[in-house]
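Below is one structure; the comments refer to it alone.
The values are calculated or read from the model by the stated rules, or taken from the named source; none is laboratory data. In this text the structure is predicted, and so the values were computed from the model without any measurement. Here the Cβ positions follow ideal geometry from the backbone for every residue, glycine too, while neighbour counts run over all protein chains shown.
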Protein chains: 2
Amino acid sequence: MILEKKKTFNAFAARQGLRSTRQRDVILDVFLATHEHLSVEELYLKVKASQPGIGQATVYRTLKLFVEAGLAREMMLPDGQTRYEHQLVGEHHDHLICTGCNAIIEFEDEQIEQLQRDIAKRHGFSLTAHKMQLYGLCPTCLRATA
Amino acid sequence: MILEKKKTFNAFAARQGLRSTRQRDVILDVFLATHEHLSVEELYLKVKASQPGIGQATVYRTLKLFVEAGLAREMMLPDGQTRYEHQLVGEHHDHLICTGCNAIIEFEDEQIEQLQRDIAKRHGFSLTAHKMQLYGLCPTCLRATA
DNA sequence: CAAGTTATTGAAAGTCGTTTTCAAAAGGCC
DNA sequence: GGCCTTTTGAAAACGACTTTCAATAACTTG
């Protein structure tokens, strides 16, 4: 699966006439090895740990490429940092976010997606993307608050 | 209705021990007179037109108060600016956004809200808020693209 | 209503995430 | 290996927003 993603990126790079560099390889490896919703800063630290000397700017630039290549998705939380998560082709999930501990739970709901398509259709829109975040307190934080 | 909102704010101000100032009155008037999803910058320009000398910082500070008072809602679009819209008590709508012309259409869907509550419940969350944006092309932009 | 206390203000400086600039370095092609 | 072009890192620039701070304005109290 990681190999598959690397292929996806290489295909994209070839299509765009991008050069293959050590930096991009490292950043892709680091990104693919994670499973959280990481900020650029966090990614940058991991990258630097594995290859000191790689600059932040390169990490920023490369993550944008991943989005273009379709293997990452940007998400903006109210904390003001852009975070990146893996994007599996054809799959799109949404987020349930705990405002207590910032935990993020992913979910998918085909019924909601269908209703979203209905709404778009009703307004004559051709839908290309959507974002949905539910905010609340997770069971642990609820218990702590009570 | 505008009067009602002013009362809401005054009540909030009194509760918080806030002082009543000319600046806050002006900003509230300007805000209530709008019907779009305005950025702070846009609001600031309108405010300055009506009362030159009011600073940006005051507009930023005051809009946050409106949110706390429950009469405005923040929304962040991918353009990086925070926008504010009116918030009617008990009503919460979502947005359908045209990526061509940036038009914003508001909608409400009780079915989706119910499903959201179900999802939260399933994960043991106590839901406090949600954000949902659908992105696509509006009929006009669709026609222009074709 | 004057005096004192405290909140509020505007301007400017500061933050912080992100982007751009630019010269040096590296990649790919002949 | 040379040549042209992309990519890079460091530092500067950017832009939205927040903070600082001294001046000013709003309540409170006597």
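Residue count for region B:62-74 under the criterion of being under 10 Å from the mean Cα position of the chain (by Cα) and over 15 Å from B:LEU88 (Cα atoms): the result is 1.
The selection criterion, being closer than 28 Å to A:LEU32 by Cα, hydrophobic (A, V, I, L, M, F, W, C) and not assigned by TED's automatic domain parsing to the domain that holds A:GLN16, holds for A:ILE104.
Regarding region B:83-101, can at least one residue be identified that is within 16 Å of DNA strand D (Cβ to nearest atom), more than 7 Å from chain A (Cβ to nearest Cβ) and either among the small types (Gly, Ala, Ser) or farther than 20 Å from A:GLU74 by Cβ (or both)? Yes, there is a match, as at least one residue in region B:83-101 is within 16 Å of DNA strand D (Cβ to nearest atom), more than 7 Å from chain A (Cβ to nearest Cβ) and either among the small types (Gly, Ala, Ser) or farther than 20 Å from A:GLU74 by Cβ (or both).
With respect to the conditions (1) without any contact (Cβ under 8 Å) to a residue 12 or more places away in the chain; (2) within 13 Å of DNA strand C (Cβ to nearest atom); (3) not acidic (Asp, Glu), B:LEU88 falls short on a single one, namely (2).
Residues in region A:19-50 that are aromatic (Phe, Trp, Tyr) and surrounded by fewer than 16 Cβ atoms within 10 Å (Cβ to Cβ): none. When the residues of region A:102-113 are narrowed to those that are farther than 15 Å from B:LYS131 by Cβ and outside any strand (DSSP E or B), which ends up farthest from the other protein chains (Cβ to nearest Cβ)? The selected residue is A:ASN102. Remark: pairs (first residue in region B:114-129, at the interface with chain A (Cβ under 7 Å from one of its Cβ atoms); second residue surrounded by fewer than 12 Cβ atoms within 10 Å (Cβ to Cβ) and basic (Lys, Arg); Cβ separation under 9 Å; 6+ apart in sequence or on different chains) = B:LEU127/B:LYS121. Within region A:1-23, the set of residues being without any contact (Cβ under 8 Å) to a residue 12 or more places away in the chain and away from DNA strand C (no atom under 14 Å from the Cβ) comprises A:MET1, A:LEU3, A:GLU4, A:LYS7.
Selection of region B:66-82 for residues being away from DNA strand C (no atom under 16 Å from the Cβ) and more than 14 Å from A:PRO78 (Cβ to Cβ) yields B:GLY70, B:LEU71. For region B:51-82, the candidate set comprises residues that are surrounded by 13 or more Cβ atoms within 10 Å (Cβ to Cβ) and among the small types (Gly, Ala, Ser); within that set, the residue that is farthest from DNA strand D (Cβ to nearest atom) is B:GLY70. Flag: A:GLN133 does not match the condition of being closer than 25 Å to B:ASN102 by Cα, assigned to a helix (DSSP H, G or I), facing chain B (nearest Cβ under 8 Å) and of a type outside the set (Phe, Trp, Tyr). One residue stands out among those in region B:1-18 that are surrounded by fewer than 14 Cβ atoms within 10 Å (Cβ to Cβ) and under 30 Å from B:ILE97 (Cβ atoms): the one that is modelled with the highest pLDDT, which is B:GLU4. Does B:LEU96 satisfy the criteria of being of a type in the set (A, V, I, L, M, F, W, C) and either over 26 Å from A:GLN81 (Cα atoms) or under 18 Å from the mean Cα position of the chain (by Cα) (or both)? Against the criterion (of a type in the set (A, V, I, L, M, F, W, C) and either over 26 Å from A:GLN81 (Cα atoms) or under 18 Å from the mean Cα position of the chain (by Cα) (or both)), B:LEU96 qualifies. Within the span defined as region B:59-68, every residue fails to be touching an Asp or Glu at 6+ places or on another chain (Cβ under 7 Å) and within 11 Å of chain A (Cβ to nearest Cβ). Scanning region B:24-70 for residues that are in contact (Cβ under 8 Å) with a residue 40 or more places away in the chain and assigned to a helix (DSSP H, G or I) returns B:ARG24, B:PHE31, B:LEU32, B:VAL40, B:GLU41, B:LEU43, B:LEU65, B:PHE66, B:GLU68, B:ALA69.
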